[in-house]
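Notes for the one structure printed next.
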Amino acid sequence: MPYVAVDGKLREECGVLGLYGRGLDVARLGYFGLFALQHRGQESAGLAVTNGKEIKAHKGLGLVAEVFTEGDIASLSAIDAHIAVGHVRYSTAGGGGLANSQPLVASHLRGHVALAHNGNLVNSDKLREELEGQGAIFHTTSDTEVILSLMARYRQSGNENALVQTLTHVQGAYSLALGTDTELIGVRDPYGFRPLCLGQIGNEGYVLASESAAIDALGGEFLRDIQPGEIVVIDERGARFRRFAESPVSACVFEYIYFARNDSTIDGLNVYRARQELGRQLAKEHPVAADIVISVPDSGTPAALGYAAAANLPYAEGLVKNRYVGRTFIEPGQALRELKVRLKLTANTEVIAGKRVVMVDDSIVRGTTTQILVKLLRQAGASEVHVRVSCPPYVSPCYFGIDTPSSAELVAARCGVQEMCALLGADSLGFLSLVGTLAALSPAQAPACVSCFTGVYPMSIAKLKTEADLNRKADDWGDVRG
Ligand code: AMP
């Protein structure tokens, strides 16, 4: 389970990055690579680099562009490093703090390590208790530190073996990028909840990233996904792969639906193509007489295009997104939440007025965004608003790395579709079925974790986590990210 800090908030949803290459400016490349993963976390960013003798890190709260100055990058570049590990983290408002920012960096007699983690461990509290009982001291409230602490116990056997031994203890979701003095190591948990892939950069360099889009952004060449239950060790001899666990494979369906970038390919399935297919299925399951199909940009757009194509309806840009509004510091409350949505998305009257509109979004979580958007479309003169959602009702919290509010705040956990439709003020509401979702994603190699739609989890979490752990204020969550 993700470590629940004193403030009772969970904080996950992250992107990890690793670079290896002599003669490469891994610090600067790492910095650029983090921009490509920014959508996976906007609360903190960090980069650690090592030249084998010295390790240097810079971390901060905020977006990549806010955290690093040119001077910070120059100072990281200055040590002529050949290994870099980077991280972006999403956390709830005010949570986390600098101490929990990653990569976590540790030094011991045998050298340095920098660790970046995407996912949640479900047994970290128990492990932490045991380790503390044995005298371990923790500097953060992050579950990731448990991995470092365990590794330190096994360090006599060398980094790679210490890591493998550590992994026999930890349960949950983890995609890791770990830098030592001599190696860059990537790990994907046996379920493969979170993505992780490897690319080549330059003649002999490597880039490890949560998403292939980051490899593309760095001008690298995609080599392959790290398989669930697999480790990749990159050193001066090249890249070696090693399986450390049998893989029950359960990759996260929500990466395809909402979380990953449209231009990433995960486990052989391109996210854009997957979203278009989800939209096509949605049109088959929930057709409606309408004039135009619009999307909630950006993550709803491929599904809307798929819907429009399958329904033979024109697609139009009915909602316009302001790309320059990042995180907004607006105090809670319905009126301001509405303002926050309006800041990011406005209805284009020219497109909407007098039209029967199908609005496609990738997911409804709290329902706040949809409710406000339906209102905006009506104000812009829509004669009908039909909401179509390219996934099933989101009814259960995620314990494996997607930031989710408690079930009490999940609108689909409280209401049936009819009731929700009334609440949203829409003329009709249709969710893609689970069967349709899985059919659309079938080209992916791994069977998916769909626990957010079913409440059935791929591993036991019952004793490890209670709803109270997820109980946080409604206003801490609900960023309108497209
Ligand atoms: P809501 O207003 O709570 O229903 O938010 C739904 C919107 O948030 C959808 O348009 C999604 O694109 C987006 N969304 C879905 N899941 C998440 C998440 N875990 N974190 C942030 N945004 C999300």
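Tell me which of these A353 doesn't satisfy, since it passes every other one: (1) small (G, A, S); (2) in contact (Cβ under 8 Å) with a residue 60 or more places away in the chain; (3) more than 16 Å from the ligand (Cβ to nearest atom).
(2) is the only condition that A353 fails.
With region 333-438 as the region, which strands (runs of 3 or more DSSP E) entirely inside it contain at least 2 residues that are in the same structural domain as N123 (by TED's automatic domain parsing), under 26 Å from the mean Cα position of the chain (by Cα) and of a type in the set (G, A, S)?
Strands (runs of 3 or more DSSP E) meeting the threshold: none at all.
Search region 265-302 for residues being within 16 Å of the ligand (Cβ to nearest atom) and hydroxyl-bearing (S, T, Y), and hand back the single one that is nearest to the chain's Cα centre (by Cα).
Looking at the filtered set, the residue picked out is S299.
Return only the number of the condition from (1) within 16 Å of the ligand (Cβ to nearest atom); (2) in contact with a helix residue (DSSP H, G or I) (Cβ under 6 Å, 6 or more places away or on another chain) that A440 does not satisfy.
(1)
Determine which single condition L76 fails, assuming it passes every other condition in (1) closer than 25 Å to E204 by Cα; (2) surrounded by 20 or more Cβ atoms within 10 Å (Cβ to Cβ); (3) within 19 Å of the chain's Cα centre (by Cα).
Going through (1) closer than 25 Å to E204 by Cα; (2) surrounded by 20 or more Cβ atoms within 10 Å (Cβ to Cβ); (3) within 19 Å of the chain's Cα centre (by Cα) one by one, L76 breaks only (3).
So that you can scan it fast, the table gives a plain yes or no per residue for (1) surrounded by fewer than 21 Cβ atoms within 10 Å (Cβ to Cβ); (2) within 30 Å of A173 (Cα to Cα):
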{"residue": "I352", "(1), (2)": "no, no"}
{"residue": "R356", "(1), (2)": "yes, no"}
{"residue": "E384", "(1), (2)": "yes, no"}
{"residue": "V389", "(1), (2)": "no, yes"}
{"residue": "P392", "(1), (2)": "no, yes"}
{"residue": "C398", "(1), (2)": "no, yes"}
{"residue": "A413", "(1), (2)": "yes, yes"}
{"residue": "Q418", "(1), (2)": "yes, no"}
{"residue": "A422", "(1), (2)": "yes, no"}
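Of all residues in region 356-369, which are within 15 Å of the ligand (Cβ to nearest atom) and of a type in the set (K, R)?
R366
Read through the list (1) within 17 Å of the chain's Cα centre (by Cα); (2) in a strand (DSSP E or B); (3) over 19 Å from H82 (Cα atoms), then give the number of the only condition that P195 fails.
(2)
From K344, K321, grab the single residue that is more than 11 Å from the ligand (Cβ to nearest atom), touching a residue at least 60 places away in the same chain (Cβ under 8 Å) and of a type in the set (K, R).
K321
The values are calculated or read from the model by the stated rules, or taken from the named source; none is laboratory data. Since the model is a prediction, treat every value here as computed from it, not as a measurement. No Cβ is skipped: glycine too gets one built from the backbone with ideal geometry, and neighbour counts run over all protein chains shown.
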